[in-house]
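Below: the structure, in structure tokens.
The values are calculated or read from the model by the stated rules, or taken from the named source; none is laboratory data. Note that this is a predicted model, so its numbers are computed, not measured. So basically every Cβ, Gly included, is an ideal-geometry build from the backbone, and we count neighbours across all protein chains shown. These accessible areas exclude ligands, DNA and RNA; they are computed on the full protein's heavy atoms, side chains included. Shrake-Rupley method; radii C 1.70, N 1.55, O 1.52, S 1.80 Å.
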Amino acid sequence: MIKDEIKNLLAESAGEIGFDIPEFSVEIPKNRECGDYASNIAMVLVCQTTKNTPMEIAEELVSKIKYGSISDTFKKIEIVSPGFINFFLSKDYLKEEIRNVLKEKESYGSSDKGKGKTMLIDYSGVNIAKPFGIGHLRSTIIGQAIYNLHKFLGYNVIGDNHIGDWGTQFGKLIYAIKNWGYKKKVSEYSVKSLVELYVKFHEEAEEDPDLEREARNWFKKLEEGDAEARKIWKECVKISLKEFDRIYKFLGVKIDLTLGESFYEKMLPGVIEEAIKKGIAANSEGAVIIPFPDDVLPPLLIQKSDGATLYSTRDLATIKYRIKRFKPSKIIYEVGAEQSLYFKQLFWASELFGWGKREDYVHVAHGLMRLKTGKMSTRRGEIIFLEDVLAEATKKAEKIIEEKNPNLKDVEKTAKAIGIGAVKYNGLSGHPTGDIVFDWSKALNLQGNSGPYLQYAYARARNILKKDRRRADVGKKNFENEMEIRLAKKIQEFPFVVEKAAYSYSPNLICSYLFELSKEFNSFYESVPVLKSEGDIAGLRLALIKATSQVIKNGLGLLGISVLENM
Ligand code: ARG
């Protein structure tokens, strides 16, 4: 990739001058006047010398670059205050890159940089007997995009859906089913009715605190393997998984593993014992906690005074298991921001256990998703079921199609792709940590930064190529027009953006990139004649259009959004 080429050139020069090679960046400047790529290396190197200013260092670095070897790639290299080195790509290079897109097709933007490394991605993490809410939707789609991005870069990736299928809440649920259940067989309940029973438990427990004790007893029975408790629990898991599978299928998401919290049950006493043996756990009024050096974080509770284990105990066991089975170089958790403190504790505790460094664990924390009219939460009474949201999205997309393209065939399939694309893109396009406000008109806006806008740009490009059957061929002719160059430059940014999005766990960078690319493409097509152009120049312009459609397809594919040939 061009970024690596630039990095190598600069590192080579720095070495030749006698510097130690530092960590430095090569970025795409926001302002086009500052070149196509720019590096801060001179500003970093200034720490290694007292004699020169960054400007002087930059001059020296550039003077050492063997220009002969790279004159095909760069039109010029410029130094600007306070010491940035700016690289401007040549037309030849841009043409070559368009050729590469057409040659590499689906794999354009991919690499094998992650080869030999395993990334474990923990995402979705839905809870049994609770709705598949909008919060878990964000975890699911952002997690899946992070998964796809790493796979594209050659990593060995493992997706694990750590479903919440264990814990004291099941004691509550079993109690509720046994005492207020109205169906003969547990298997006849729906997730909605299980949620209702769960909510009822909380209402009743406010009046009668004894219920909490009853629930604890039921969970204890469950843990001890009581046949009735196990049977009810198993049915609840089955009911929920069936519903979740339907939603995953609808979303087009497939997660490699679904081990879930219950899977680790047998390992829990061992983990607590290990913590005590290693001297990292302490006793606190009968409970077991893991305190942190200098109390930088509140201690992590791993066993309650009544002997019950917790979410944290199961997560520790999960880490131990994952390290042994997969030897991941990183474990990435895509979970809501409300668990930020918890994950800090968990990662630090793992380090205390001797399970690698806490930097080997990443919490990609997503913010809340709210409705424009208020909060979207699963708290009592305001539960929003994801299925309803997706159905609504599809219905709205159908209406748009009816208005814009009444003759379209396959309306149902198209509406589904647009609707799901809109919901997914909306959940992905903001920075993961930020809250997002879900607004239907924005999510489905064909003019703005939305999933459908990108799908539309793709369909538009494909239609041009279907109408104009001449060869899309970069050929010998050079770019003649500023718009062509701008579009080509945008296209070649893709591999750079893919890498950045993966390394920073920010699929939103792919969204903003695709939006810019689509805008660039639309302005290109509005101002540059294609169908009316001739010969080589027509071939070159068609090649640009074909490359654009390929990159939109690759990018949307990474986001888990399907493209449409017509819409
Ligand atoms: N089930 C959890 C929740 O809904 C998320 C699980 C996240 N993964 C984990 N290893 N803790 O909050």
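Would you mind finding the one in I177, I158 that is part of a helix (DSSP H, G or I), of a type in the set (A, V, I, L, M, F, W, C) and outside the structural domain of Y505 (by TED's automatic domain parsing)? It would help to see each step written out before you state the result.
Working: I158 fails: part of a helix (DSSP H, G or I).
After applying the criteria, what remains is I177.
Need pairs with beta-carbon distance below 9 Å; first residue in the same structural domain as I319 (by TED's automatic domain parsing) and within segment 343-361, second within 12 Å of the ligand (Cβ to nearest atom) and at pLDDT below 95; sequence gap 6+ or separate chains.
That search, which allows pairs on different chains as well, returns F343/A365.
Among the residues of segment 540-567, how many are of a type in the set (G, A, S) and either open to solvent by 10 Å² or more (accessible area, probe 1.4 Å) or modelled with pLDDT under 95 (or both)?
Narrowing segment 540-567 to residues of a type in the set (G, A, S): 543, 547, 549, 555, 557, 560, 562.
From the residues that got through so far, the ones that are either open to solvent by 10 Å² or more (accessible area, probe 1.4 Å) or modelled with pLDDT under 95 (or both) too are 557, 560, 562.
So the answer is 3.
Take the conditions surrounded by fewer than 17 Cβ atoms within 10 Å (Cβ to Cβ) and in contact with a Phe, Trp or Tyr (Cβ under 9 Å, 6 or more places away or on another chain) and apply them to N217. Does it pass?
yes
Go over the candidates V101, V80 one by one and state the one that is open to solvent by 20 Å² or more (accessible area, probe 1.4 Å), more than 16 Å from the ligand (Cβ to nearest atom) and of a type in the set (A, V, I, L, M).
Step by step, each of V101, V80 is checked, and only V80 is open to solvent by 20 Å² or more (accessible area, probe 1.4 Å), more than 16 Å from the ligand (Cβ to nearest atom) and of a type in the set (A, V, I, L, M).
Would you check which residues across segment 129-145 are within 14 Å of the ligand (Cβ to nearest atom) and open to solvent by less than 20 Å² (accessible area, probe 1.4 Å) and list them?
A129, P131, F132, G133, I134, L137, R138, S139, T140, I142, G143
State yes or no: is E534 without any contact (Cβ under 8 Å) to a residue 12 or more places away in the chain and acidic (D, E)?
Taking the combined requirement at face value, the residue satisfies it.
Mind checking which residues of segment 23-53 are open to solvent by less than 50 Å² (accessible area, probe 1.4 Å) and part of a loop (DSSP other than H, G, I, E, B)?
F24, S25, I28, P29, G35, D36, N40, T49, listed by residue number.
Can you tell me which residue is nearest to the ligand (Cβ to nearest atom) among those in segment 326-338 that are β-branched (V, I, T) and open to solvent by less than 10 Å² (accessible area, probe 1.4 Å)?
Step by step, filter segment 326-338, then rank; the result is I331.
Show the residue pairs that are 6+ apart or on different chains and have beta-carbon atoms under 6 Å apart, the first residue being within segment 261-274 and more than 15 Å from H162 (Cβ to Cβ) and in the same structural domain as A129 (by TED's automatic domain parsing), the second being away from the ligand (no atom under 15 Å from the Cβ) and not in a helix (DSSP H, G or I).
Filtered contacts from segment 261-274: I272/V288; I272/Q303.
Check every one of the strands (runs of 3 or more DSSP E) wholly within segment 63-130 and list those with 2 or more residues that are more than 30 Å from F244 (Cβ to Cβ). Write out each step before concluding.
Working: elements: 74-80, 84-89, 118-122.
In segment 63-130, 74-80, 84-89 are the strands (runs of 3 or more DSSP E) which contain 2 or more residues that are more than 30 Å from F244 (Cβ to Cβ).
Hey, among F521, F515, which residue is in a helix (DSSP H, G or I) and either more than 20 Å from A461 (Cβ to Cβ) or open to solvent by 10 Å² or more (accessible area, probe 1.4 Å) (or both)?
F515
Would it be correct to say that Y458 is open to solvent by 20 Å² or more (accessible area, probe 1.4 Å) and assigned to a helix (DSSP H, G or I)?
Criteria not met by Y458.
Within the bounds of segment 412-425, is there any residue that is farther than 26 Å from I545 by Cβ, of a type in the set (V, I, T) and open to solvent by 20 Å² or more (accessible area, probe 1.4 Å)?
Looking for residues that are farther than 26 Å from I545 by Cβ, of a type in the set (V, I, T) and open to solvent by 20 Å² or more (accessible area, probe 1.4 Å), one finds none in segment 412-425, hence no.
Considering (1) within 14 Å of I128 (Cα to Cα); (2) of a type in the set (S, T, N, Q); (3) touching a Phe, Trp or Tyr at 6+ places or on another chain (Cβ under 9 Å), say which one S190 fails and leave the rest.
With (1) within 14 Å of I128 (Cα to Cα); (2) of a type in the set (S, T, N, Q); (3) touching a Phe, Trp or Tyr at 6+ places or on another chain (Cβ under 9 Å) applied to S190, the lone miss is (3).
Take the residues in segment 328-342 that are assigned to a helix (DSSP H, G or I) and under 18 Å from the mean Cα position of the chain (by Cα); name whichever of them is nearest to H431 (Cα to Cα).
This residue is A337.
Against the condition open to solvent by 20 Å² or more (accessible area, probe 1.4 Å) and under 28 Å from A547 (Cβ atoms), how does Q447 come out, does it pass?
Answer is yes for this residue.
For segment 292-304, how many residues are over 30 Å from the mean Cα position of the chain (by Cα) and over 15 Å from I276 (Cβ atoms)?
Number of matching residues: 5.
Could you tell me whether segment 468-480 includes any residue that is part of a helix (DSSP H, G or I) and either open to solvent by 10 Å² or more (accessible area, probe 1.4 Å) or touching a helix residue (DSSP H, G or I) at 6+ places or on another chain (Cβ under 7 Å) (or both)?
No, segment 468-480 has no match at all.
Residues of segment 300-325 being surrounded by 16 or more Cβ atoms within 10 Å (Cβ to Cβ), assigned to a helix (DSSP H, G or I) and more than 14 Å from the ligand (Cβ to nearest atom), which ones?
none
Go through the residues of segment 289-296 one by one and say whether even a single one is surrounded by 15 or more Cβ atoms within 10 Å (Cβ to Cβ), more than 30 Å from I146 (Cβ to Cβ) and in contact (Cβ under 8 Å) with a residue 12 or more places away in the chain.
Yes, segment 289-296 has at least one match.
Before we move on, is Y503 surrounded by fewer than 18 Cβ atoms within 10 Å (Cβ to Cβ), within 28 Å of the chain's Cα centre (by Cα) and modelled with pLDDT of 95 or more?
yes
Considering every residue within segment 345-352, establish whether at least one is in a helix (DSSP H, G or I), at pLDDT below 85, within 15 Å of the ligand (Cβ to nearest atom) and crowded, with 16+ Cβ neighbours inside 10 Å.
First, pick out the residues of segment 345-352 that are in a helix (DSSP H, G or I): 345-352.
Now narrow it down to the ones that are at pLDDT below 85: none.
Looking through segment 345-352, none of the residues is in a helix (DSSP H, G or I), at pLDDT below 85, within 15 Å of the ligand (Cβ to nearest atom) and crowded, with 16+ Cβ neighbours inside 10 Å.
Name every residue in segment 104-128 that is crowded, with 23+ Cβ neighbours inside 10 Å and of a type in the set (F, W, Y), in order of residue number.
Y123
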